[in-house]
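Q: To start, I am sharing the structure in question, which I have written as structure tokens.
The values are calculated or read from the model by the stated rules, or taken from the named source; none is laboratory data. Predicted, not measured: the structure shown is a model, and the values here were computed from it. Here the Cβ is made from the backbone with ideal geometry for all residues, glycine too, and neighbour counts use every protein chain on show. Heavy atoms of the whole protein, side chains included, go into the accessibility calculation; ligands, DNA and RNA do not. Shrake-Rupley method; radii C 1.70, N 1.55, O 1.52, S 1.80 Å.
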Amino acid sequence: MLSSTPLSVSAQTEVTLGHWKQLLIERRSALQGDYQKHPFPPRLLNHHRKLIDGILQDIFQVLELPRTLSLLAVGGYGRGQLFPYSDIDLLILLRNDADLILREQLERLIGLLWDIGLEVGHSVRTIPECQEQARKDVTVQTTLMEARLLYGSPSLFKKFSQATLAIMDSATFFQAKQLEQHQRHARFYDTANNLEPNLKESPGGLRDLQNILWISQACGLGTSWQALAKHGLITQHEARQIKSHELFLQDLRIRLHYLACRREDRLMFDYQGTLAQQFGLSDSSNHRASEILMQRYYRTAKSVNQLNTILLQNLRSRITPVVPVAALPLNERFQQRGELLEACAENLFEREPSAILESFLLLQRHPELKGMSAATLRALWRARGRVNQAFRRDSKHRALFMQILRQPSGITRELRRMNQYGILGRYLPAFGQVVGQMQHDLFHAYTVDEHILRVVRNLRRFTMAEFAHEYPLCSRLISEFPRQEVLILAGLFHDIAKGRGGDHSQLGSADAMHFCKQHGLSTEDTNLVAWLVENHLTMSSTAQKQDLSDPEVISAFAARVGSERHLSALYLLTVADIRGTSPNVWNAWKAKLLEDLFWVALRRLSGDTAPQDGYLQSRQTEALSIIRLYALSEHAHEALWSQLDTAYFLRHDAQEIAWHTRQLWAKVQTQSPVVKARLSPIGEGLQVLIYTPDQKGLFARICGFFERINYNIVEAKIHTTRHHYALDSFLVLDPANKTGHYRDLIGFVEHELGRRIATQAPLEPPVKGRLSRHVKHFPIAPEVNIRQDERGAYHVMSVTAGDRPGLLYSIARVLVNYHIDVHTAKINTLGERAEDVFLISGDMLTDSKAVVRLEADLLEALAL
């Protein structure tokens, strides 16, 4: 017989715990299934909110918590936007401090919520405590603004709402939220164009939209885009446009949560391809589906960023009425009011479209101006469509644009402002095509448009005296460079043709040529801009992939450059370009290679055609003068130098030759390996010298050693002396950029590497390191090319692959198996893309079938 005794609260809880847990799983699964069939963010967010509301209210009733308290939904949950895996923010509002019994009940409640699968963020406060926290922290104040009653005392909630409203100061709140936004944007380097953006927090993300509505709510202007339109802050069309952007970002975030099965707001590479498929996108001839999706995202984020800027200025003018300031006329169209540029007539841009470009020119010429007034900015935004084909053909407008590029200051700032407000992409349609375009080449960290503007920024930075210490040669060259707009135009056009198919350098060169002719540049400058765009990769490729000790390489490069002006311009553009790809691509080794190439090419262009013997004699004389500083005898160098051939002296500079001589002059016939390391003279990394009787697999053994201590080899000079000793020099860098550890590593490298070489232990298998997510999801098909050099003495082997731990060692092991000798190696890592060039020799290289087998084995090793 069943007992009729009612279940205790504890027993009821045990019975219903499983029910709630199962209900939550089933209902959330049903919501996900429905969303996949009918994706409409507001419905999903609302239904998810209602599901959680019902479960929480049921739990509170079962637990018989006192109705004198109030359970409030706050934050995103409070405003009814509960994403699939977002935290559930709760405020338990008390009339007075909780006693022991209530505290125990609340602890049991929170534990229960986690047990059934609700990830809650909770606080327990009285009204005075809420007010105190809100006064201290604008984030808390914002969260409380969105409170919604779920359970408990309506009267307590009403008092809470009145208390929250009482401490609201709209002007103070506006300033705090704007500062909060600036700090948040700074964490993302003030750009939405990172390759893995945060949908919620990045500039142009959902938080920027919500920030506007929070401020609008604090000012009593409503909590929706329609309300803002009703108050005249935006038009009905703009309200629909913002709503469309919001829906797209919400849709992406919902799908991202479901894909990750957790609260994930970053559009990581792992998910971009699948998301593109869900949106029905497919690969085109020039773009992956994921790139098409991400371009839509970047353009959406840009529009959100534009509208956020405009609306915040409009809200500021409503919240903090400007103290009347007399307008200072700048010309018949514009005036200065305080620190802002103001159009004299609201319809100025519609009536005189040329004023659009003139406004940016005036901001350059008057650095005391911090921007445009709210009304002027709003008018500019609405008139941006006037920048059309007819506008671009007008000679007056072309002259204005060139004036902007020729100003002594403010060029980067105004180009960025023009891009932000949608003007630059309309004036330069080719630029508009690359706005938001991704670059999955494993070394560009930004979209094409962001990279271009960073290159322009780097060029302008060379002109500023306060940054002359960063790149002294660049600063000197640009200060002597007439008509610097040539460089700015080359920066604007160098990558502008990416994504069209074909060679972007040639296509961009044609665009640049057409633009320069239209805009009245001289034939000389037009040709230089077009040449720079077409050849913008030439100097980096020559410096990082070819043997700069080869006079024929230098002669060919100098012949291609043709003049000192071309050389200076190409050097400046190359440095700015590499610096603008990613914070991690530039290093001291690349800087030295480019500078070395600049100086040797300059000597060649200046008419210095001294024979090779003259160069050798000069280098040896300089090395001897350095050796003398160390009190070595006059003939100390002779034993070593007699074993060295011309190639050695061509490939090493005087400092290296002197260092090698000082270390080896008394050990020329030693049978024990000599390993010496020093801080690299270029200011970054270690330079390591290895001298030992030659042995099979030496290059591979050295590569394996540095791989295991996680150091990257960036350059290797391999030389075999006349008496069959290996005299090798390596430059190694710490990929983590821990420059302070180099000195501590010297002793370890000298002892451990020397021991490994002496024991000649069998080569170990390569380390199986993890691939980066970028390489994993956007792999590069490995390429190997082996060709005879122009003299026929050696072969050049070029390798391109996604970078990974053990890559160089894997290559070296294959070369050992084929009895291939390495003479030089240039290890060029661009972000996560390896482009390595080796000068090699070996008997089997004369057998075409053997070369094919070698290439196949290398490709197999690269693919592992």
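Q: Could you compute how fast the chain diffuses translationally, taking Rh as the Kirkwood radius over C-alpha pairs and applying Stokes-Einstein at 37 °C with viscosity 0.692 mPa s? Give it in µm² per second.
A: Values: Rh = 31.9 Å.
After rounding, the answer is 103 µm²/s.
Q: Now a separate question. Find how much the distance from Q760 to N710 grows on full extension, using 0.36 nm per residue of separation minus their present alpha carbon separation; answer in nm with one decimal.
A: On the way: separation 50, 0.36 × 50 = 18.00 nm, distance 2.09 nm.
Contour length minus Cα-Cα distance gives 15.9 nm.
Q: With label points built 7 Å along Cα→Cβ from the Cα atoms of R392 and K21, find their separation and express it in nm.
A: For R392 paired with K21, the spin-label model returns 6.3 nm.
Q: What residues have an amide H closer than 5 Å to that of L330, excluding those fewer than 5 places away on the same chain, when H is modeled at 1.01 Å from N in the peptide plane?
A: Residues meeting the criterion, in which the H sits 1.01 Å from N, are Q335, Q336.
Q: Give K136/K200; K667/K717; K200/K370; K37/K177 a once-over and call out the pairs whose C-alpha atoms are over 30 Å from each other. Please report the intermediate quantities before stating the final value.
A: Working: K136/K200 24 Å; K667/K717 20 Å; K200/K370 28 Å; K37/K177 38 Å.
Long pairs (Cα-Cα over 30 Å): K37/K177.
Q: Tell me, what HN-Hα J-couplings in whole Hz come from the Karplus equation 6.51 cos²θ - 1.76 cosθ + 1.60 at θ = phi - 60° for each residue of region 393-408, using x for Gly and Pro?
A: Values per residue, Gly and Pro as x: 7, 5, 4, 5, 5, 5, 5, 4, 4, 5, 4, 4, 6, 9, 5, x Hz.
Q: Peptides 642-650, 593-601: what's the order by average Cβ count within 10 Å, highest mean first? Working shown, then result.
A: Working: 642-650: 15.9, 593-601: 19.8.
With the highest mean Cβ count within 10 Å placed first, the list reads 593-601, 642-650.
Q: Now, a different point. For A781 and Y630, what does the FRET efficiency come to when R0 = 41 Å and r is the distance between their Cβ atoms, rounded to the nearest 0.05?
A: Details: r = 51 Å, r/R0 = 1.24.
It comes out at approximately 0.20.
Q: Let me ask something additional. What's the ranking of 61-70, 178-187 by average number of surrounding C-beta atoms within 10 Å, highest first?
A: Details: 61-70: 15.8, 178-187: 13.9.
The densest-packed peptide leads the list: 61-70, 178-187.
Q: Multiply the residue separation of Q663 and R365 by 0.36 nm, subtract the distance between their alpha-carbon atoms, and state the gained length in nm to one decimal. Provide the component values of the computation, followed by the final result.
A: Working: separation 298, 0.36 × 298 = 107.28 nm, distance 5.99 nm.
This chain segment gains 101.3 nm when fully extended.
Q: Right, here's the next one. If you average the sequence gap of Cα pairs under 8 Å that are 6 or more apart and divide by the length of region 630-704, what percent do you get for the contact order? Could you put the intermediate results ahead of the total?
A: Details: 46 pairs, mean separation 17.1, N = 75.
The value is 23 percent.
Q: Could you state the angle between the C-alpha long axis of helix 698-708 and the longest principal axis of the C-alpha atoms of the chain, as a value from 0 to 90 degrees rounded to the nearest 10?
A: Between helix and principal axis, roughly 20 degrees.
Q: Sticking with this one: For region 487-493, just list the computed ³J(HN,Hα) in residue order, Karplus coefficients 6.51, -1.76 and 1.60, θ = phi - 60°, integers in Hz, with x standing in for Gly and Pro.
A: 5, 4, 5, 4, x, 5, 9
Q: Please give the contour-minus-distance gain from K50 to A171: 0.36 nm per residue of separation, less the Cα-Cα distance, rounded to one decimal in nm. Walk me through the intermediate numbers first.
A: Numbers: separation 121, 0.36 × 121 = 43.56 nm, distance 3.43 nm.
Stretched fully, the K50-A171 segment lengthens by 40.1 nm.
Q: So, one more: If the cut-off is a Cα-Cα distance under 18 Å, which lysines reach K50, setting aside same-chain residues fewer than 8 apart in sequence?
A: K21
Q: So what J values fall out for region 313-319 if you push phi through Karplus, 6.51 cos²θ - 1.76 cosθ + 1.60 with θ = phi - 60°, rounded to Hz, Gly and Pro as x?
A: Coupling constants for region 313-319: 5, 5, 5, 4, 5, 7, 6 Hz.
Q: Residues in region 530-547, backbone N under 14 Å from the label point at Q506 (7 Å along the Cα-to-beta-carbon vector): list them, ranges by number please.
A: Flagged as within label range: 534-535.
Q: Here's a follow-up. Counting only residues 5 or more places away or on other chains, whose amide H sits under 5 Å from the amide H of T126 once H atoms are built in the peptide plane?
A: Answer set, sorted by chain and number: L94.
Q: Determine the order of K826, K370 by accessible area, beginning with the largest, at a probe radius of 1.4 Å. Walk me through the intermediate numbers first.
A: Numbers: K826 25, K370 125 Å².
I get K370, K826, largest accessible area first.
Q: So what is the 222 nm mean residue ellipticity for the chain from helices alone, if each DSSP H run of at least 4 adds -39500 (n - 2.57) and you divide by all residues, rounding to the nearest 500 deg cm²/dmol? All intermediate terms of the calculation are to be shown ahead of the outcome.
A: Numbers: 39 runs with 479 residues, N = 864.
Helices in the chain give a 222 nm mean residue ellipticity of -17500 deg cm²/dmol.
Q: Quick check: the distance between the Cα centres of region 285-339 and region 169-200, to the nearest angstrom?
A: Centre-to-centre (Cα) distance: 14 Å.
Q: Turning to a different aspect of this structure: Less than 18 Å apart at the alpha-carbon level, and either on another chain or at least 8 residues along: which lysines does that give for K230?
A: Cross-link targets: K243.
Q: Long-range amide H contacts for T824: which residues qualify at under 5 Å (H placed 1.01 Å from N, peptide plane, sequence gap of 5 or more or a different chain)?
A: Close amide H contacts, sequence-distant or interchain: I718, L839.
Q: Between F40 and S522, what is the label-point separation in nm under the 7 Å Cα-to-beta-carbon projection?
A: 6.5 nm
Q: Would you please name the GluC sites (Glu not before Pro) within region 97-171 that are DSSP coil residues with at most 14 other C-beta atoms within 10 Å of their C-beta? Don't skip to the end; give the middle numbers.
A: Numbers: sites: E104, E107, E119, E129, E132, E146; in loops: E119, E146.
When the GluC sites (Glu not before Pro) of region 97-171 are filtered for loop state and at most 14 Cβ neighbours within 10 Å, E119 remain.
Q: Return the distance in nm (one decimal) between the two label points of a simple spin-label model at E64 and D653, each offset 7 Å from Cα along Cα→Cβ.
A: With each label point 7 Å from Cα toward Cβ, the separation is 8.5 nm.
Q: Take the alpha carbon atoms of region 425-476, find their center, do the same for region 824-843, and report the distance between the two centers in whole angstrom.
A: First find each Cα centre; the distance between them is then 27 Å.
Q: Over the chain, average the accessible area per residue using a 1.4 Å probe and give it in Å², no decimals.
A: Details: 38090 Å² over 864 residues.
Accessible surface, normalised per residue, equals 44 Å².
Q: For an R0 of 60 angstrom, estimate the FRET efficiency from the Cβ-Cβ distance between N817 and D97 and round to the nearest 0.05.
A: Values: r = 77 Å, r/R0 = 1.29.
With a Förster radius of 60 Å, E is 0.20.
Q: Here is a follow-up. Specify the angular offset, from 0 to 90 degrees and rounded to the nearest 10, of the alpha carbon long axis of helix 551-561 from the longest principal axis of the alpha carbons in the chain.
A: 50 degrees
Q: Same structure, new question: Ratio of region 307-378's C-alpha Rg to 2.2 N^0.38 Å, to two decimals? Working shown, then result.
A: Numbers: Rg = 11.9 Å, N = 72, 2.2 N^0.38 = 11.2 Å.
The reported ratio for this selection is 1.06.
Q: Students often check this: by mean Cβ neighbours within 10 Å, which of 243-256, 471-484 ranks highest, and how do the rest follow?
A: Working: 243-256: 19.5, 471-484: 15.6.
For the peptides 243-256, 471-484, the packing ranking is 243-256, 471-484.
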